[in-house]
Every structure is written in structure tokens, then in C-alpha cells.
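Worksheet: the structure to be examined is printed underneath.
The values are calculated or read from the model by the stated rules, or taken from the named source; none is laboratory data. Note that the coordinates shown come from a computational prediction; the quantities given were computed from them, not determined experimentally. For neighbour counting, all protein chains shown are included, and Cβ atoms are generated from backbone atoms with ideal geometry for every residue, glycine included.
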């Protein structure tokens, strides 16, 4: 599985070098849903989108981990909308603490690289206290891979100590125009 992801990343970088990929027409958030299943472990204070212009939507996330956690697994899936959301390309479960100690997965690196600079979720375990993502918006210059045009859903299930604690589901739209118009 790792080799397939690595080949996808290499192919995407190759395509990006051929086309001027940063001419994407639309790359923005459309919806976000956050749900905590265990309020005694994780509490959401804020999980919302704020439109600041037609093509720029900011994502703000504020939650508190109430007890120290050293065992974090994330089950991430990407869905593409086609008469409802359908599984698309990736369904991965990974150890977040291990990844933050040694980044070794290109797909996770791509997603983490998108929001890393907007967040305090940038250290190794243990995690406790406020976890914040502030004024995060999608930027094409941080996307190393081209995406097919469409509506997508990134579903993340956060598992602490082998128990599902909360979900974050982020919908976004990506519309590209690779043909240059003069």
C-alpha cells in the first residue's frame, strides 16, 4: 500500500511540473461537521467555517483534550461525491504519535502540510489541553498532487486508547482549469 501511495505522489509531482497547477478555479471548504462521542475526554468549543470572499473560506477548530493521551490513531477516508459520497482512493488508519515522531507517509504528509502552519497540533505525544486550528484555508500552492474536479469529503475518526473519541468531517470542492485562456 505504501508503494502505491508513493507512486501516486511521484506521478502527481510529474503532472504538476507539466501543467501550471496553481490556476485552479475553486479550491475551498463547503461544510464541516464535528462530533464528540466522549465529552469527558474531548470537548469541542468551536468547529465552523467562515466565508471571507467568494473563493476563500476559513476553517476554525477549537477543542480541548481533557486527559493526556499517548495513543492516538486516526482513521482517514476520502470520499468523492457522485450521487452521494462514494469511497475514493484512500482509506487509511495510522498512528498519529508515530507519524509526528517520524513522518513517513506521503498522503498523510500532504494533508498535514495543508494545515500545519495554522495549528498548534505540531508536536509529538502526549496531547492534552486546547487543540486549535485558526483561520485555515485551502491553498493550491500547498497541494503537491492534482485532483480531479469534484466535491470531496475528508472523514477523520480520532481514536484515543483504542476508543473512538470524535469525528471531523470536512467537505471541500476542487474545480480545476488546466487549459490556459489568453
Right, residue 43: touching a residue at least 40 places away in the same chain (Cβ under 8 Å) and either out of contact with any helix residue (DSSP H, G or I) (no Cβ under 8 Å at 6 or more places or on another chain) or at positive phi (or both) or not? no
For the subset of the stretch 151-182 comprising residues that are more than 24 Å from residue 93 (Cα to Cα) and surrounded by fewer than 17 Cβ atoms within 10 Å (Cβ to Cβ), which member is modelled with the lowest pLDDT? 182
Restricting attention to the stretch 115-135, does a residue exist that is within 15 Å of residue 76 (Cβ to Cβ) and buried (at least 16 other Cβ atoms within 10 Å of the Cβ)? yes
